[in-house]
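No value in this document is a laboratory result; all are computed from the given coordinates. Note that the coordinates shown come from a computational prediction; the quantities given were computed from them, not determined experimentally. A quick note on method: Cβ atoms are made from the backbone with ideal geometry, for glycine too, and the neighbour counts reach across all protein chains shown.
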Amino acid sequence: MSITYPAAPACRSADPELFFPEDETGEEVREQVEQAKRICQRCPVRVPCRAIGMAEPVGIWGGMTGRERRLHLRQLRTGELSLLDLDELTA
């Protein structure tokens, strides 16, 4: 599947492996996740990337880990969180 964004993603020149850590625990992995999230923070297409990533079980998408996406999806379903809240949480 080819995805077309309105601007170039900040991760375009980064190593794709950075965004797909083998685990979400441990100091080395935490640093990898933080490094990927820093790239996402300055990305002009972070919001559409996050929307696409909501259906993905793994990887850093739009600045969120799989665990964070699952938590936020559950909160969206139960009404504990709105889409506007979600954008503020990851800004």
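Structural remarks
- A crude spin-label estimate for the pair Q35 and E17, with each label 7 Å from Cα along the Cβ direction, gives 1.0 nm.
- By average C-beta atoms within 10 angstrom, highest first, the peptides 67-80, 27-40: 27-40, 67-80
- Only Lys, Arg (+1) and Asp, Glu (-1) charged, at Cβ; segment 1-76 dipole about Cα centre in debye: 560
- Gained length - V58 relative to L76, 0.36 nm times residue gap less alpha-carbon distance: 4.6 nm
- Estimated from the Cβ-Cβ distance and a Förster radius of 22 angstrom, the FRET efficiency linking R67 and A8 is about 0.20.
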